[in-house]
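Here the structure is laid out as structure tokens; the discussion comes afterwards.
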Amino acid sequence: MTSAVTTATSPRTTGPTPSGRKGRLTPGGVPYALLLPAFVLYAMVVLYPTLSGAVYAFTDWTGRADGTKFVGWANFAEIFSDVAARSALRNSLVIAVSVTVVQTLVGLALALALHTSLVTRNVLRTLFFAPALLPPVIIAFLWTFILTPQGPLNTVLRGLGLDFLAQNWLGDSSLALWTVIGVVIWQSAGLTMVIYLAGLQGIPTELNESAALDGASWWQRTRLVTVPLLIPATTVAMSLTLISSLKLFDQVFAMTGGGPGYATETLSVIMYKEAFVSGRFGYSTAIALVLTMIVFAFTMVQLGALRRFDVDR
Amino acid sequence: MSRRFGAARLGREALMVLVACAFIFPFYVFFTVSMKTQAEVASNPLGLPTTLHLDNFATAWNRGDLGEAYLNSIIVVALSVLILVGFGSMAAYTLARRLSRLSTVAYLVFLVGLMIPLQLGMVPLYQFMNSANLLGTWTALILFEAGHQLPFTIFLYAGFIRALPREYEEAARVDGAGPVTMFRRIVFPLLRPITGTVVILTGITTWNDFLTPLLYVGGSSQQTLPVAIYAFRGEFATDWGVLFAGMAIAIIPLLIVYFFLQKYFIIGFASGIKG
């Protein structure tokens, strides 16, 4: 180890230093040996499995050592003909889009409300953020109980005389997906709020004050001054939410297991079942590859779109 | 403070408190149900418990192997975070300070990891852990958690190091410090604020993780809290009181730490995620 360190440093980078730093003594000779432990671990548990996964997606791998054959695009063709996988694909897209849009709006509203001078401001921030810290599995069980037909939510609704709103939230296949989406947003809206609060702190108060002097209303100032300056925070909040909601597993697995029928199936849940219940490793990995492609495509489109609106860049 | 405490302001305050009450209603349900008997949950899902039925907590603790699961969670989180802080900070130091094509490429390779869903490598890695006889052990889980959160950790550290003035390092270099001494004695202590953020963010992620722990240590004596609670639900499907008591036991310490250190949590999340 030590010898590796010394040999790596001895030919110190005396060569081209970036312009502007010329002649400065820089710690440019940081040895690559410091990078090695991280890279080995990362290669072992991320790079190698991911790359081999991309290959297995084209096979009929079942986990047995012998007889794994390449099947070309067959797995992918099956995804689009298999009812369960098709529902999962559609649901994952619906979840990603609706969670991202609604959670961003809710988080923004909470942040704007709590950026003002409320007495309860700090307590409320702490409360709204709390669910985001808790294990999604536990949150899922909590809501499973709240949403049962005779459970607390329907009891409250009936108590308020809103009987027509009482529903079989997770048992009704036309409603279950939206219920899951609601729970996910409840849990992580606080996260978006915190990102926006950090963004709001970076906006100089003078901007809003001078706009106020010019006679702009609160709504005008928010729409024309504050929100445009929050584009960087929006980029962060939306990409984070988009990626995590596309991969949604815990809440669905614990609340509905994908049911009723295929109503709440997601790509992550279906690939878990295909791999670890049915033992179809190759097919399951093909679903994962589709998920990966969607994540990449969405992220690119979103970053591109938000960059166009960003006044700073 | 009290100036301009007008009706509009009071209204806004009341509105936000109302929103907050609706928002934390699930927590009210959580803690009341954890103290109710099975019959009381069925007859009165919403009200306060008539008696404090604390037996639920004892039953949950004893039947759910929660003590063991706690210990497992603490060990897995502590070791994963230790690896992330150690490996991550060293790697980020090289990537941020060494300006060459190789380090740029290496940085990009790590950054791609922020986007790759773990699902793509899930089965091959599971098979690897299986053939290495690591399933059912902390080791498998720690390797996974640390490896998967390295990109984010390195991203945080590298951003912080780039903003750090080089003068301390230059002074140490003049004093004859080698690169390893320099990192250990000069650079790492300077990274304290971002190390705090890394510990909080990766610690919470590891503590809450479910899918991989379910696969790697589910059903073993080394399972973590979320997996133990999941198994517990299977056993106590109809006894919500006991299930909720178990869930409360699992989250109360997390909530206590959060309410005492909430400033650091919120700042950590905000600064960490902004990068």
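With kT/(6 pi eta Rh) evaluated at 4 °C and eta = 1.567 mPa s, and Rh the Kirkwood radius from Cα pairs, region A:242-308 diffuses with a coefficient of 101 µm²/s according to Stokes-Einstein.
Given a 1.4 Å probe and the protein chains as shown, B:Arg173 ends up with an accessible area of around 40 Å². Can you give the helix-only mean residue ellipticity at 222 nm for the protein assembly as shown, where every DSSP H stretch with n ≥ 4 adds -39500 (n - 2.57) and the sum goes over all residues, rounded to the nearest 500 deg cm²/dmol? When only DSSP H runs of four or more count, the value is -22000 deg cm²/dmol.
Which value does Rg/Rh take for region B:11-148 over its C-alpha atoms, Rh per Kirkwood?
Details: Rg = 23.8 Å, Rh = 20.3 Å.
Dividing the radius of gyration by the Kirkwood radius yields 1.17.
Computed from label points 7 Å out along Cα-Cβ, the spacing between A:Ala109 and B:Phe27 is 2.0 nm. Using equal-weight Cα scatterers in the Debye expression, the normalised intensity of region A:98-226 in log10 at q = 0.09, 0.13, 0.18, 0.23 Å⁻¹ is -0.38, -0.70, -1.03, -1.31. With each label modelled as a point 7 angstrom along the Cα→C-beta vector, the A:Ala216-A:Leu157 pair spans 4.1 nm. Ligands, DNA and RNA left out, the 1.4 Å accessible surface of region B:18-79 is 71% carbon and sulfur atoms. If R0 is 45 Å, the Cβ-Cβ spacing of B:Trp61 and A:Leu207 corresponds to a FRET efficiency of close to 0.25.
Using a simple spin-label model with pseudo-atoms 7 Å out from Cα toward Cβ, B:Ile256 and A:Asp172 lie 4.2 nm apart. Taking every residue in B:93-106 and counting other chain Cβ atoms within 10 Å of its Cβ, the average works out to 4.
Since only B:Thr137, B:Ala245, B:Pro193 are under comparison, the one whose Cα sits farthest along the positive direction of the charge dipole of region B:132-275, derived from C-beta charges on Lys, Arg, Asp and Glu, is B:Pro193. Less than 5 angstrom separates the built amide H of B:Phe210 from none of the residues sequence-distant by 5 or more or on a different chain.
For A:Thr59, the amide hydrogen comes within under 5 Å of the amide hydrogens of A:Val71, counting only partners 5 or more places away or on other chains and with H modelled in the peptide plane.
For the protein assembly as shown, the convex hull drawn through the C-alpha positions has a volume of 193 cubic angstrom per residue.
Give, rounded to the nearest 20 debye, the magnitude of the charge dipole that the protein assembly as shown has about its Cα centre when Lys and Arg contribute +1 at Cβ and Asp and Glu contribute -1 at Cβ.
1920 debye
Legend: residues B:Glu167, B:Glu13, sorted from most to least accessible area (1.4 Å probe; ligands, DNA and RNA excluded), read B:Glu167, B:Glu13.
Shape of region A:22-119 from the C-alpha gyration tensor: oblate (a/c of 1.5 or more and a/b not above b/c, with a ≥ b ≥ c the square roots of its eigenvalues). The calculated FRET efficiency for the pair A:Ala297 and B:Leu111, based on their C-beta separation and a Förster distance of 22 Å, comes to about 0.80. Going by accessible surface with a 1.4 Å probe and the largest first, B:Phe27, B:Phe110, B:Phe260 read B:Phe260, B:Phe27, B:Phe110.
Can you work out the PRE-style zone for B:Ile267? Point 7 Å along Cα to Cβ, and I want the residues of region B:155-192 with backbone N under 14 Å. The answer is B:192, whose backbone nitrogens lie closer than 14 Å to the label point.
The values are calculated or read from the model by the stated rules, or taken from the named source; none is laboratory data. Treat the numbers as computed from the prediction; the structure is a model and nothing was measured. All Cβ positions, glycine included, derive from the backbone under ideal geometry; neighbour counts span all protein chains shown. Note: areas computed on protein heavy atoms with side chains; ligands, DNA, RNA excluded. Shrake-Rupley method; radii C 1.70, N 1.55, O 1.52, S 1.80 Å.
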